[in-house]
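Notes follow once the structure below has been shown.
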Amino acid sequence: MYEFLSDLFPICRSITGDGVRHTLKAIQNHIPIEIREVPTGTQAFDWTVPKEWNIKDAYVMDEDGNKIIDFGKNNLHVLGYSIPVNKIVSYSELQEHLYSLPEQPDAIPYVTSYYQERWGFCIAHRDRVRLKRCNYKVFIDSELKDGYLTYGELIIPGKSQKEVFLSTYVCHPSMANDNLSGPTVATFLAKWIMSVSRRYTYRIVYVPETIGSIVYLSKNLESMKENVIAGFNLTCMGDDRQYSYLSTRKGNLYVDRVALNILKHKHPDFVRYSFLDRGSDERQYNAPGVDLPVCSVMRSKYGTYPEYHTSLDNLSLVNSEGLYGAYDVMKECISLIENDHIYKIKCLCEPQLGRRGLYPTLSAKNSASTVRNMMNFIAYADGSSDLIDISDKIGVPVWELYAVIDKLKSADLLYVVEGN
């Protein structure tokens, strides 16, 4: 995963353009996503697909011919969606088009202007304060044209038409945790999902943030409202700090129960956020009238870590352990959804487990402790509680109950309540 993320890192992405296409084609080398394009001017609810933006080069050059800002060295140096420019400007005019962070003097900020035409450069503040009072050549070789918004989609069929939805975004330039960790984890989750038997169908999308999710919903909402039972927005999954969870708008949906159960048992120190702390595509998926059950499971939540939306969000911020940890949590969430049923024990009173080889036949002090999880599971398998309920009540991780369920089923002691 880290190698794949590193390969994607140099690509200059935006909400449209060749950077998105190159990223999706790289993902297509791993999983069979369909790459789809929506023309400029297409209406999507209250939004309109903007012009396509591409950039080849950009720099600011001083009077001595030194490139003091160079897009070729870091693609964050250019204000996203900058219009083309090629002229000489004064020191004071240049300052009107520069963006920096005085509080983080070593960081190049990530700044965009998608829906208002302007040009600009982003620079580390320590370099900005050193600029000489002279004239500068500013050059941006970019193009804004009628083109397309591009996104990727993968539908992995299951036994049921009911769906688990995974969404991630592919619109940020060279930043590792936000944004590349999400597409990376999504891609490797897809590879795993395709390799196992599936109860549910999986819908996985790679969209430009905000406009992409809105466009996707405008084309697929009716089907998704009918079929999606749980969804996750995958973002900020690559560092090795605390885990984070951001709820659905309602806060008490099935997917909330899934995420909270897994995080509680795997990473009990996770940070819990409400929907009021939203900031990514969960905004669109939970919007009134859309009402899809989508939450976010993350490592450091976007906007909360100091490297966020700067050049400091680089390949040294993410690591293999961080990526694998997020991947593992999402695998457990999906496994829980796949294995979750309302269970009911078949006999009245406790079943005689000993004659079925499920209980010690020699009764001694503490002999029951070896099967305590099974006995506690049986006690709550009453036909009204699903696996999450039982796990929460008896304080046992769901992954420790899968073998218990298999043993009880093999002994013909347990059945799934119809309709779940």
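The values are calculated or read from the model by the stated rules, or taken from the named source; none is laboratory data. Please read these numbers as outputs of a predicted model, since none were measured by experiment. Glycine gets a Cβ as well: all are built from the backbone with ideal geometry, and neighbour counts include every protein chain shown. Heads up: the accessible areas ignore ligands, DNA and RNA and are worked out on the full protein's heavy atoms, side chains in. Shrake-Rupley method; radii C 1.70, N 1.55, O 1.52, S 1.80 Å.
Assorted remarks:
- The distance linking the range 290-356 with the range 103-136 is 39 Å (Cα centroid to Cα centroid, whole angstrom).
- Dipole of the chain computed with +1 at Lys/Arg Cβ and -1 at Asp/Glu Cβ about the Cα centre; of Tyr114, Val129, Leu144, farthest Cα towards the positive end is Tyr114.
- With respect to the chain, whose longest principal axis is taken over its alpha-carbon atoms, helix 18-28 is tilted by about 30°.
- Principal semi-axes of the equivalent ellipsoid, √(5λ) from the alpha carbon gyration tensor of the range 131-170, are 48, 15, 6 Å from largest down.
- Cα-centred dipole magnitude for the range 155-203, charges only on beta-carbon of K, R (+1) and D, E (-1), debye, nearest 20: 360
- Antiparallel content of DSSP bridges confined to the range 227-364, in %, to 5: 35
- Exposure check, 1.4 Å probe, all protein chains in place: Lys344 carries approximately 80 Å² of accessible surface.
- FRET efficiency estimate (nearest 0.05) - Cβ-Cβ, Leu221 to Trp47, R0 22 angstrom: 0.95
- The mean sequence separation of alpha-carbon pairs under 8 Å and at least six residues apart, normalised by the residue count of the range 285-420, gives a relative contact order of 27 percent.
- Candidate lysines - alpha carbon under 16 Å from Lys87, same-chain residues fewer than 8 apart omitted: Lys67, Lys137
- Multiplying the residue separation of Lys87 and Ser160 by 0.36 nm and subtracting their alpha-carbon distance yields 20.3 nm.
- Where labels lie 7 Å past Cα in the beta-carbon direction, separation of Asp70 and Arg130 in nm: 1.4
- Here is the tail figure for the range 273-420: Cα pairs spaced more than 18 Å apart come to 69 percent of all pairs.
- Computed about its Cα centre, the charge dipole of the range 91-191 is approximately 240 debye, with only Lys, Arg, Asp and Glu carrying charge at their Cβ.
- Positive contributions from Lys and Arg (+1) and negative ones from Asp and Glu (-1), summed over other residues with Cβ under 12 Å from the Cβ of Val228, come out at -1.
- Under 15 Å, Cβ to Cβ, from Ser410 - net charge with Lys/Arg +1 and Asp/Glu -1: +3
- Think of the chain as a dipole: +1 on every Lys or Arg Cβ, -1 on every Asp or Glu Cβ, centred on the Cα centre; then among Asn286, Ser174, Cys333, Cys333 lies furthest on the positive end.
- Kirkwood-type radius of the range 279-359, with distances r between different C-alpha atoms, in Å: 17.5
- Lysines with Cα under 30 Å of Lys219, excluding same-chain neighbours fewer than 8 positions away: Lys25, Lys51, Lys145, Lys159, Lys162, Lys191, Lys250, Lys301, Lys331
- Pair-distance profile P(r), taking every C-alpha pair of the range 170-218, with 5 angstrom steps and integer %: 5, 18, 21, 21, 18, 12, 4, 0
- Structure-derived Rg and Dmax of the Cα atoms in Å: which label, when the choices are (1) 21.0, 64; (2) 25.6, 91; (3) 20.4, 60: (2)
- Gyration tensor (alpha-carbon) shape descriptor, the range 375-420, a/c threshold 1.5: oblate
- Listed residues Ile342, Asn314, Ser300: farthest to the positive end of the dipole of the range 227-364 (Cβ charges): Ile342
- The C-alpha radius of gyration of the range 1-154, expressed as a fraction of 2.2 N^0.38 Å, stands at 1.17.
- Accessible solvent surface per residue of the chain, calculated while the other protein chains remain in place, 1.4 angstrom probe, Å²: 43
- If R0 is taken as 41 Å, the Cβ-Cβ distance between Tyr115 and Ser320 corresponds to a FRET efficiency of 0.65.
- Global form of the range 178-307, assessed from the alpha-carbon gyration tensor, a/c cut-off 1.5: rounded
- Computed about its Cα centre, the charge dipole of the chain is approximately 960 debye, with only Lys, Arg, Asp and Glu carrying charge at their Cβ.
- Hydrodynamic radius of the range 121-218 by the Kirkwood approach over all distinct alpha-carbon pairs: 17.0 Å.
- Summed side-chain charge close to Lys250 - residues other than Lys250 whose Cβ falls under 11 Å, Lys, Arg +1, Asp, Glu -1: -1
- Cα-based convex hull, the range 40-116, per residue volume (Å³, whole number): 134
- Of Gly120, Gly17, Gly41, the one that fluctuates the most in a GNM where the chain has Cα springs shorter than 10 Å: Gly41
- Using a simple spin-label model with pseudo-atoms 7 Å out from Cα toward Cβ, Asp291 and Glu400 lie 3.8 nm apart.
- Relative contact order [Cα under 8 Å, 6+ residues apart], the chain, whole percent: 16
- Cα gyration tensor shape of the range 10-63, rounded if a/c is under 1.5, else prolate or oblate by comparing a/b with b/c: oblate
- Scoring 108-115, 317-324 by mean Cβ neighbours within 10 Å over their residues and listing the highest first yields 317-324, 108-115.
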